[in-house]
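Single-structure report; data block below.
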Amino acid sequence: MTVLRTDRLRLRPWTTAPDDLARMADLYGREEVTRWVGGTPSVPPAELVARWAAVHARDGRYGCWAIERSDGVVAGTVLFKPLPNGVGEIEVGWHLHPDSWGHGYATEAGRAVIERGFAAGVPEVYAVVRPGNTASAAVCRRLGMQPLGRMRRWYDVELDAYRLMAPVVVD
């Protein structure tokens with residue numbers, strides 16, 4: 001999987017190294033995180049790493065990256081993957097550790113994977129946010145995403161949906 005760099009971050013694959021697995025377990029074991037992402041993952045961190053690698057292996061445009069700060073600490077996850085409806089709609093999302101909230105990392109990482117996706121020909125990107133998650137809704141707005149309202153289109157729960165269309169290139 002491609003490593004992406006921004007001004008302050010390195011987006012890289014999650015690994016099964018002990019430090020990565022411990023950080024992932026800490027991140028996804030926190031109620032203040034999992035309440036917004038649909039609960040604690042039902043698989044151990046090493047299996048989650050393998051599942052995310054498989055997303056990328058199926059189509060190199062997609063992936064789930066560890067968001068690594070300049071101090072080497074993993075701030076969280078940014079994902080860019082097909083939504084579960086099978087019609088080719090793509091989701092961008094972020095899950096950050098509370099010690100990394102409020103620094104703009106979600107916006108910066110989200111922008112990087114969206115730009116990469118648009119460069120690869122993805123025509124539009126969606127984000128889904130649990131009602132009440134004002135921080136993620138603000139990230140969507142900072143990314144320029146337009147609200148579509150509340151819907152149950154992709155997951156079996158009502159979520160606030162946002163969409164960003166790829167810029168039109170005029171020759």
Of the residues that make up the range 56-63, is at least one within 16 Å of Thr15 (Cβ to Cβ), under 13 Å from the mean Cα position of the chain (by Cα) and of a type in the set (A, V, I, L, M)?
no
Subset of the range 123-171, residues among the aliphatic types (A, V, I, L, M) and either closer than 15 Å to Val78 by Cβ or in contact (Cβ under 8 Å) with a residue 40 or more places away in the chain (or both), comes to Val125, Ala127, Val128, Val129, Ala135, Val139, Leu143, Met145, Val157, Leu164, Met165, Ala166
What do you reckon, is Thr40 within 11 Å of Leu96 (Cβ to Cβ) and among the hydroxyl-bearing types (Ser, Thr, Tyr)?
no
Is at least one residue of the range 76-96 over 22 Å from Leu164 (Cβ atoms) and in contact (Cβ under 8 Å) with a residue 24 or more places away in the chain?
no
For the range 110-133, indicate whether the set of residues that are hydroxyl-bearing (Ser, Thr, Tyr), surrounded by 14 or more Cβ atoms within 10 Å (Cβ to Cβ), in contact with an Asp or Glu (Cβ under 9 Å, 6 or more places away or on another chain) and within 28 Å of Arg23 (Cα to Cα) is non-empty.
yes
Which of the strands (runs of 3 or more DSSP E) found entirely inside the range 6-101 contain at least 1 residues meeting this: modelled with pLDDT under 95 and more than 23 Å from Ala138 (Cβ to Cβ)?
9-13, 63-69, 74-82
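The values are calculated or read from the model by the stated rules, or taken from the named source; none is laboratory data. This one's a predicted model, so the numbers in the text were calculated from it and none came from an experiment. Glycine also receives a Cβ, built like all others from the backbone with ideal geometry; neighbour counts cover every protein chain displayed.
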